1. Starting from the stretch 115-132, take each residue that is without any contact (Cβ under 8 Å) to a residue 40 or more places away in the chain and list its partners that are assigned to a helix (DSSP H, G or I) and surrounded by fewer than 13 Cβ atoms within 10 Å (Cβ to Cβ), counting only C-beta distances under 6 angstrom and pairs at least six apart or across chains.
2. Would you point out the residue of the stretch 14-34, among those that are over 27 Å from residue 140 (Cα atoms) and at pLDDT 90 or above, that is surrounded by the fewest Cβ atoms within 10 Å (Cβ to Cβ)?
3. Based on this model, can you work out whether residue 58 counts as without any contact (Cβ under 8 Å) to a residue 40 or more places away in the chain and on the phi > 0 side of the Ramachandran plot?
4. List the residue pairs whose Cβ atoms are under 9 Å apart, where the first residue sits in the stretch 31-47 and is touching a residue at least 40 places away in the same chain (Cβ under 8 Å), the second is assigned to a loop (DSSP other than H, G, I, E, B), and the two are 6 or more positions apart or on different chains.
(Lines give C-alpha, C1' and ligand atoms only; values in the text may rest on other atoms or scores of the structure.)
Protein backbone atom coordinates (compact mmCIF):
# COMPACT_ATOMS: atom_id res chain seq x y z
CA UNK A 1 0.00 0.00 0.00
CA UNK A 2 2.87 2.33 0.79
CA UNK A 3 4.33 1.66 -2.63
CA UNK A 4 1.03 2.60 -4.28
CA UNK A 5 0.80 5.82 -2.27
CA UNK A 6 4.43 6.79 -2.88
CA UNK A 7 5.33 5.58 -6.39
CA UNK A 8 9.02 5.51 -7.17
CA UNK A 9 9.98 5.22 -3.51
CA UNK A 10 12.68 2.82 -2.37
CA UNK A 11 11.98 0.93 0.84
CA UNK A 12 14.87 0.01 3.13
CA UNK A 13 14.31 -1.76 6.45
CA UNK A 14 16.53 -1.26 9.48
CA UNK A 15 16.37 -4.44 11.54
CA UNK A 16 17.70 -5.57 14.90
CA UNK A 17 20.82 -7.77 14.71
CA UNK A 18 18.89 -10.79 15.96
CA UNK A 19 16.60 -10.79 12.89
CA UNK A 20 18.16 -13.71 11.10
CA UNK A 21 15.23 -15.94 10.17
CA UNK A 22 14.95 -16.03 6.40
CA UNK A 23 11.15 -16.33 6.63
CA UNK A 24 10.90 -12.95 8.39
CA UNK A 25 13.22 -11.36 5.84
CA UNK A 26 11.15 -12.93 3.04
CA UNK A 27 8.04 -11.31 4.49
CA UNK A 28 9.75 -7.93 4.19
CA UNK A 29 10.66 -8.68 0.58
CA UNK A 30 7.06 -9.70 -0.16
CA UNK A 31 5.89 -6.46 1.44
CA UNK A 32 7.98 -4.50 -1.05
CA UNK A 33 11.09 -3.78 1.00
CA UNK A 34 14.09 -3.75 -1.33
CA UNK A 35 16.82 -3.64 1.24
CA UNK A 36 17.56 -4.83 4.76
CA UNK A 37 20.30 -3.49 7.01
CA UNK A 38 20.81 -4.89 10.50
CA UNK A 39 21.97 -2.72 13.40
CA UNK A 40 25.51 -3.97 13.92
CA UNK A 41 28.86 -2.32 14.47
CA UNK A 42 29.05 -1.87 10.66
CA UNK A 43 25.59 -0.27 10.26
CA UNK A 44 26.85 3.09 8.94
CA UNK A 45 29.05 1.48 6.29
CA UNK A 46 26.41 -1.06 5.26
CA UNK A 47 23.64 1.56 5.20
CA UNK A 48 25.62 3.71 2.77
CA UNK A 49 26.26 0.71 0.50
CA UNK A 50 22.60 -0.35 0.69
CA UNK A 51 21.35 3.13 -0.28
CA UNK A 52 23.74 3.25 -3.27
CA UNK A 53 22.62 -0.20 -4.40
CA UNK A 54 18.91 0.64 -4.10
CA UNK A 55 19.34 3.95 -5.92
CA UNK A 56 21.04 2.04 -8.76
CA UNK A 57 17.99 -0.27 -8.99
CA UNK A 58 19.39 -3.23 -7.06
CA UNK A 59 18.31 -5.16 -3.99
CA UNK A 60 20.17 -5.28 -0.66
CA UNK A 61 19.13 -8.64 0.76
CA UNK A 62 20.97 -11.84 1.56
CA UNK A 63 21.41 -13.87 -1.65
CA UNK A 64 19.79 -16.94 -0.10
CA UNK A 65 16.61 -14.92 0.61
CA UNK A 66 16.45 -13.63 -2.96
CA UNK A 67 16.95 -17.18 -4.29
CA UNK A 68 14.09 -18.43 -2.07
CA UNK A 69 11.87 -15.56 -3.25
CA UNK A 70 12.58 -16.44 -6.89
CA UNK A 71 12.02 -20.16 -6.25
CA UNK A 72 8.63 -19.52 -4.62
CA UNK A 73 7.57 -17.03 -7.28
CA UNK A 74 8.50 -19.48 -10.04
CA UNK A 75 6.54 -22.20 -8.27
CA UNK A 76 3.44 -20.00 -8.26
CA UNK A 77 3.90 -19.08 -11.91
CA UNK A 78 4.60 -22.56 -13.28
CA UNK A 79 1.34 -24.04 -12.01
CA UNK A 80 2.87 -27.08 -10.32
CA UNK A 81 1.02 -26.22 -7.11
CA UNK A 82 -2.33 -27.00 -8.73
CA UNK A 83 -1.94 -29.41 -11.68
CA UNK A 84 -5.39 -31.07 -11.65
CA UNK A 85 -7.51 -27.97 -11.41
CA UNK A 86 -5.90 -24.77 -12.66
CA UNK A 87 -6.53 -21.56 -10.81
CA UNK A 88 -8.27 -18.70 -12.55
CA UNK A 89 -6.31 -15.54 -13.23
CA UNK A 90 -7.96 -13.83 -10.23
CA UNK A 91 -7.25 -16.82 -7.96
CA UNK A 92 -3.61 -16.78 -9.04
CA UNK A 93 -3.45 -13.06 -8.30
CA UNK A 94 -4.96 -13.60 -4.85
CA UNK A 95 -2.68 -16.57 -4.16
CA UNK A 96 0.34 -14.37 -4.83
CA UNK A 97 -0.94 -11.89 -2.24
CA UNK A 98 -1.76 -14.63 0.28
CA UNK A 99 1.83 -15.90 -0.07
CA UNK A 100 2.97 -12.37 0.77
CA UNK A 101 1.06 -12.70 4.06
CA UNK A 102 -1.62 -10.12 3.27
CA UNK A 103 -4.93 -10.44 5.09
CA UNK A 104 -8.21 -10.79 3.19
CA UNK A 105 -8.96 -7.15 3.98
CA UNK A 106 -5.56 -6.02 2.64
CA UNK A 107 -5.99 -8.12 -0.50
CA UNK A 108 -9.45 -6.65 -1.06
CA UNK A 109 -8.08 -3.15 -0.67
CA UNK A 110 -5.18 -3.80 -3.03
CA UNK A 111 -7.43 -5.32 -5.71
CA UNK A 112 -10.39 -3.02 -5.04
CA UNK A 113 -12.78 -5.90 -4.35
CA UNK A 114 -14.78 -6.75 -1.24
CA UNK A 115 -13.36 -8.84 1.56
CA UNK A 116 -16.20 -11.30 0.97
CA UNK A 117 -15.10 -11.74 -2.66
CA UNK A 118 -11.54 -12.38 -1.47
CA UNK A 119 -12.84 -15.03 0.97
CA UNK A 120 -14.72 -16.70 -1.92
CA UNK A 121 -11.56 -16.87 -4.05
CA UNK A 122 -9.39 -18.02 -1.13
CA UNK A 123 -11.88 -20.81 -0.45
CA UNK A 124 -11.63 -21.89 -4.10
CA UNK A 125 -7.83 -21.84 -3.85
CA UNK A 126 -7.94 -24.09 -0.78
CA UNK A 127 -10.28 -26.48 -2.55
CA UNK A 128 -8.21 -26.65 -5.73
CA UNK A 129 -4.91 -27.06 -3.87
CA UNK A 130 -6.47 -29.51 -1.40
CA UNK A 131 -5.43 -27.63 1.74
CA UNK A 132 -7.42 -26.62 4.82
CA UNK A 133 -6.06 -23.14 5.45
CA UNK A 134 -3.31 -20.56 4.99
CA UNK A 135 -0.84 -22.32 7.25
CA UNK A 136 -1.15 -25.58 5.29
CA UNK A 137 -1.02 -23.67 1.99
CA UNK A 138 2.19 -21.89 3.01
CA UNK A 139 3.66 -25.16 4.24
CA UNK A 140 2.92 -26.90 0.92
CA UNK A 141 4.45 -24.01 -1.03
CA UNK A 142 7.57 -24.05 1.15
CA UNK A 143 7.97 -27.82 0.81
CA UNK A 144 7.51 -27.68 -2.98
CA UNK A 145 10.09 -24.89 -3.19
CA UNK A 146 12.71 -27.07 -1.44
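1. Matching pairs, first to second residue: 115/105.
2. Only one residue fits best here, namely 16.
3. Details: without any contact (Cβ under 8 Å) to a residue 40 or more places away in the chain: yes; on the phi > 0 side of the Ramachandran plot: no.
The answer is no for residue 58.
4. If the second residue must be assigned to a loop (DSSP other than H, G, I, E, B), the pairs left are 31/11; 31/100; 31/101; 31/102.
Residue-wise test of (1) touching a helix residue (DSSP H, G or I) at 6+ places or on another chain (Cβ under 8 Å); (2) at pLDDT below 85; (3) under 30 Å from residue 37 (Cβ atoms); (4) assigned by TED's automatic domain parsing to the domain that holds residue 9.
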| residue | (1), (2), (3), (4) |
| --- | --- |
| 52 | no, no, yes, yes |
| 93 | yes, no, no, no |
| 99 | yes, yes, yes, no |
| 104 | yes, no, no, no |
| 110 | yes, no, yes, no |
| 124 | yes, no, no, no |
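The values are calculated or read from the model by the stated rules, or taken from the named source; none is laboratory data. Being a predicted model, the structure only gives us computed values, none of them experimental. Heads up, the Cβs are rebuilt from the backbone with ideal geometry, glycines too, and the neighbour counts pull from every protein chain shown.
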